[in-house]
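Everything below concerns the one structure shown next.
Here, each number is a calculation from the coordinates, and none is a lab measurement. Model, not experiment: these values are computed from the prediction. Methodologically, a virtual Cβ is constructed for each residue, glycine included, from the backbone with ideal geometry; neighbour enumeration extends over all protein chains shown.
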């Protein structure tokens with residue numbers, strides 16, 4: 001028999017992963033405080049119960065939004081909107097999960113009006129500070145809950161911040177960038193990278 005472990009059956013991990021994710025990211029630990037602080041840059045309520053399934057859409061549709069806001073779950077690679085039809089696209093912790101980020105960026109820019117804004121927020125993964133921070137909260141809790149945390153993060157975070165911020169820099173010469181918490185534009189000493197790209 002070959003010595004190879006196949007992909008995990010994620011259906012057995014889903015509930016455990018979501019519970020662990022909420023506790024690690026929105027609980028009372030230091031890493032929770034840091035993540036909440038960064039998400040609060042653009043989110044009105046950073047304590048969503050589920051982050052990966054249709055319950056998020058259900059929760060969002062019950063919130064009191066401006067009449068022009070519509071909640072939809074879409075593929076970022078093929079948006080069902082006309083060219084130049086949207087003022088702003090906000091992508092929080094999205095690009096690091098996409099195998100071809102340039103295709104996604106191109107599609108997002110297609111739907112943004114001239115003068116509009118693309119606002120991605122990205123984890124500084126696999127930066128040194130990000131990896132250290134992960135040790136003190138989510139990773140420890142994940143393994144305690146029986147989850148293959150490092151494997152999952154490796155499969156999910158396919159694009160490194162070291163590459164993504166250069167891709168954004170190349171495609172968007174007119175932008176306002178913010179690194180957090182150290183502010184210096186060095187991925188290894190920060191936890192989060194946020195940018196407003198002016199289209």
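Structure data summary
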| item | result |
| --- | --- |
| Whole-Å distance, taken between Cα centres, linking the stretch 127-160 and the stretch 165-188 | 23 |
| Inter-probe distance in nm under a simple model that places probes 7 Å from Cα toward Cβ, at residue 198 and residue 184 | 2.8 |
| Contour excess over end-to-end distance, with Cα ends at residue 66 and residue 110 and 0.36 nm allotted per residue | 13.4 nm |
| Theoretical FRET efficiency, 1/(1+(r/R0)^6), r = Cβ-Cβ of residue 145 and residue 85, R0 35 Å, to 0.05 | 0.25 |
